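Engineer: The structure follows.
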Amino acid sequence: MAAERKKILLRLDPVVHDAVAHWAADELRSTNAQIEILLRQALSQAGRLPDDVGRMPRSGRPPRVKPEPDEGGR
């Protein structure tokens with residue numbers, strides 16, 4: 001089971017928030033996901049991203065599962 005994700009309150013300048021939200025929308029992401037991606041990139045570039053960091057959770061609809069054919073011939 002994956003570790004529970006941390007919840008934080010983040011205060012941003014409204015103009016910065018709008019810019020991040022617009023960028024996220026351009027890439028079909030939530031603002032929250034965009035902020036996490038930016039933080040991960042900054043940590044990686046600074047050499048501070050831990051080796052054991054988890055992957056970003058996938059968002060959106062889960063993959064479609066093909067129904068199995070009926071064995072009863074109905």
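Engineer: Going residue by residue through segment 20-34, is there one that turns out to be exposed (fewer than 10 other Cβ atoms within 10 Å of the Cβ), modelled with pLDDT of 90 or more and β-branched (Val, Ile, Thr)?
Structural biologist: Within segment 20-34, none of the residues are exposed (fewer than 10 other Cβ atoms within 10 Å of the Cβ), modelled with pLDDT of 90 or more and β-branched (Val, Ile, Thr).
Engineer: Let me ask something additional. Of the numbered conditions (1) in a loop (DSSP other than H, G, I, E, B); (2) touching a helix residue (DSSP H, G or I) at 6+ places or on another chain (Cβ under 8 Å), LEU28 fails exactly one; give the number of that condition.
Structural biologist: That leaves (2) as the condition not met.
Engineer: Is it the case that SER44 is of a type in the set (Ser, Thr, Tyr) and modelled with pLDDT of 85 or more? Let's see the steps before the verdict.
Structural biologist: Numbers: of a type in the set (Ser, Thr, Tyr): yes; modelled with pLDDT of 85 or more: yes.
Yes; evaluated as a whole, the condition is true for this residue.
The values are calculated or read from the model by the stated rules, or taken from the named source; none is laboratory data. These numbers come from a predicted model, not from an experiment. Virtual Cβ from ideal backbone geometry, glycine too; neighbours counted across all protein chains shown.
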